[in-house]
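The values are calculated or read from the model by the stated rules, or taken from the named source; none is laboratory data. This one's a predicted model, so the numbers in the text were calculated from it and none came from an experiment. Ideal geometry is used to build each Cβ from the backbone, glycine not excepted, and the neighbour counts take in all protein chains shown. Accessible surface is based on the protein model in full, side chains and every heavy atom, while ligands, DNA and RNA are left aside. Shrake-Rupley method; radii C 1.70, N 1.55, O 1.52, S 1.80 Å.
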Amino acid sequence: MGEVWSFLTNHIYLPILGGVLLLAVVCLLVVWLVCKWRNSRNYDYSALEHEMGLSERLRIEREQQYEAKRESALLNCQFYLRSMAGQYTMVEQLPNIGTRVNKDWFLVQDKRSKSTKLLTMSIRSSGCPIKLTKTNRKTLKEMLQLIHHPYLLPMDDVDFVAEQDLIVVVQHYNHNGSLKDIIYKSKPYQDVENKYSTVGYGLSLYQIQLYGKQVLEALIYLDDHGINIQGHVQSGNIIIENDTCRLCGYENILLGFTARSHHAIRRRLRDGKDGGDRLAFGMLLYEMCAGCELDTADPTERHLLKCQHCPDLIQILEFIFYNEKGKIPAFYKIRNHSFFKDVRLLQLERNRPPPMHFSSNMKSLIKQSQGKKKGAKLKPKDSRHQASSNPEDMVSTPPKLAEFLHTSGPAYTSPPSAPVPLQPDSGHIQKRSSAPTERSALLRSIEKGTKLKKTYTRFDPRV
């Protein structure tokens, strides 16, 4: 060992050279590792703002506005829940599960009932007929709590946040979703732009008759007490629980919110207002059969072709939209139609809803929401004995469409695999059998499977 040390002492340059070589190796190793790490990185190109296309910038702006709106709505909801002295606690903020603009949905926990509720916050509509005062809030809440019907979804609470022009509604939470979710086979609490973008599926004849009559009874109950909910009768406002429909959204008409079908129905009714809820009910029957919404205020030939497997439904649609008397039939006449005659509602037979007795403030609120003039009397109607005789309900039937309904109605037959449909009443058959010889020849050609030449109506102009 001493000899080695003596050798290195005499040749001092050797340790220095070794140290330099070792340092060089370490430096080369470090450089190699850095280069390898750099080459392994994936560089994603990010376009600068001035390089983005107009559509991309608009998309980013919409996303930013959407997120800002959700954050603002969440803060408003948290502020409101704190003001309720702990009655509700936040569970989750839901996406836009409905189509109404300026409306947000939340799941909250009710500490009193230990149950989950659906809380919605909406910005006050410009057409809201009432002021957001404590007196009106108390009147509206008491009136909604009087409504008890097996096929109406009860309102747990309604409140106003006057400082921010917000209307708060708390109601029962149903994880199964609405009738529209069943038609489109979608998850109830997804964003509305995603869950209804697919093709829907029509329901069976039995389901259409059962659900239709349940909704019809709920509408009759409201109509008997002077509440006409107009176009808010739609599949998204119908909750399904244990094969039972429960209509919700009837508070919208009292708060001045308009339905998506409002303008189309108003054009169909011309200057009148009565009959909008009955037309909306007919549109609901069509959607349950065809699996898609009616994009006009009344069905045309192309719409009815989607319901050709259900001739009984075509008859009730014809009765509602294009009956012979040229009027929109009253609810009790629709209920007495042969389409619903064999449907029994045992739940309604066992639990008849009690009559509602409104105070003067409640009647005044209803009159304001229905657009009645001050001083007009609000009289409850009995739909079992009264029909609609309002001349404003008069509608005209397009002659070509009426001819299509009367000539091609019997031609609709069920597919071989489908159950035999209910037979129409004898009076209807008798009437159609007396058609002219030309119409009979047309029917015989249809039965033989002859392809009809495409016809054009005023709803389907030539291109």
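From the list Thr9, Thr116, Thr89, exactly one residue is modelled with pLDDT under 80 and either touching a Leu at 6+ places or on another chain (Cβ under 6 Å) or among the β-branched types (Val, Ile, Thr) (or both). Which is it?
Values: Thr116 fails: modelled with pLDDT under 80; Thr89 fails: modelled with pLDDT under 80.
Result of the check over Thr9, Thr116, Thr89: Thr9.
Can you name every residue in region 132-152 that is assigned to a helix (DSSP H, G or I) and more than 25 Å from the chain's Cα centre (by Cα)?
If the condition is that a residue be assigned to a helix (DSSP H, G or I) and more than 25 Å from the chain's Cα centre (by Cα), then Lys134, Thr135, Asn136, Arg137, Lys138, Thr139, Glu142, Leu146 are the ones that fit.
For region 227-276, how many residues are part of a loop (DSSP other than H, G, I, E, B), open to solvent by 10 Å² or more (accessible area, probe 1.4 Å), under 19 Å from Arg124 (Cα atoms) and not hydrophobic (A, V, I, L, M, F, W, C)?
5
Can you tell which of Tyr151, Tyr196 is without any contact (Cβ under 8 Å) to a residue 24 or more places away in the chain and in contact with a helix residue (DSSP H, G or I) (Cβ under 6 Å, 6 or more places away or on another chain)? Reasoning before the result, please.
On the way: Tyr151 fails: without any contact (Cβ under 8 Å) to a residue 24 or more places away in the chain.
Residue meeting the stated conditions: Tyr196.
If Tyr286 meets every condition in (1) under 17 Å from the mean Cα position of the chain (by Cα); (2) of a type in the set (Phe, Trp, Tyr); (3) open to solvent by 10 Å² or more (accessible area, probe 1.4 Å) apart from one, which number is that one?
(3) is the only condition that Tyr286 fails.
Please find, within region 350-367, the residue that is farthest from Ile147 (Cα to Cα) out of those that are charged (D, E, K, R) and surrounded by 12 or more Cβ atoms within 10 Å (Cβ to Cβ).
Lys367
Inspect all residues belonging to region 135-149 and state whether any of them is at pLDDT 90 or above, open to solvent by 30 Å² or more (accessible area, probe 1.4 Å) and aliphatic (A, V, I, L, M).
Yes: one or more hits.
When you scan region 91-114, do you find a residue that is in contact with an Asp or Glu (Cβ under 7 Å, 6 or more places away or on another chain), in a loop (DSSP other than H, G, I, E, B) and within 18 Å of Ala162 (Cα to Cα), even just one?
Checked region 91-114: no residue is in contact with an Asp or Glu (Cβ under 7 Å, 6 or more places away or on another chain), in a loop (DSSP other than H, G, I, E, B) and within 18 Å of Ala162 (Cα to Cα).
Sort through Arg70, Arg59 and tell me the only one that's open to solvent by less than 70 Å² (accessible area, probe 1.4 Å), modelled with pLDDT of 85 or more and either part of a helix (DSSP H, G or I) or not aromatic (Phe, Trp, Tyr) (or both).
Numbers: Arg59 fails: open to solvent by less than 70 Å² (accessible area, probe 1.4 Å).
Only one candidate qualifies: Arg70.
Taking the residues in region 215-226 that are part of a helix (DSSP H, G or I), in contact with a Lys or Arg (Cβ under 9 Å, 6 or more places away or on another chain) and open to solvent by 10 Å² or more (accessible area, probe 1.4 Å) as candidates, determine which candidate is nearest to Lys180 (Cα to Cα).
Only one residue tops the list, namely Glu217.
Considering Ile320, Ile316, which residue is at pLDDT 90 or above, outside any loop (DSSP other than H, G, I, E, B) and in contact with a His (Cβ under 8 Å, 6 or more places away or on another chain)? Steps first, please.
On the way: Ile320 fails: in contact with a His (Cβ under 8 Å, 6 or more places away or on another chain).
Every option except Ile316 fails the conditions.
For region 326-347, state whether one or more residues are closer than 22 Å to Tyr221 by Cα, open to solvent by 20 Å² or more (accessible area, probe 1.4 Å), of a type in the set (S, T, N, Q) and assigned to a helix (DSSP H, G or I).
yes
Residue check: is Leu75 of a type in the set (A, V, I, L, M, F, W, C) and surrounded by 14 or more Cβ atoms within 10 Å (Cβ to Cβ)?
Here the answer is no, as Leu75 does not meet what is asked.
I want to confirm something. Restricting to region 170-214 and keeping residues that are in contact with a Gly (Cβ under 6 Å, 6 or more places away or on another chain) and of a type in the set (Ser, Thr, Tyr), which single residue is most open to solvent (accessible area, probe 1.4 Å)?
If we take residues in region 170-214 being in contact with a Gly (Cβ under 6 Å, 6 or more places away or on another chain) and of a type in the set (Ser, Thr, Tyr), then Tyr201 is most open to solvent (accessible area, probe 1.4 Å).
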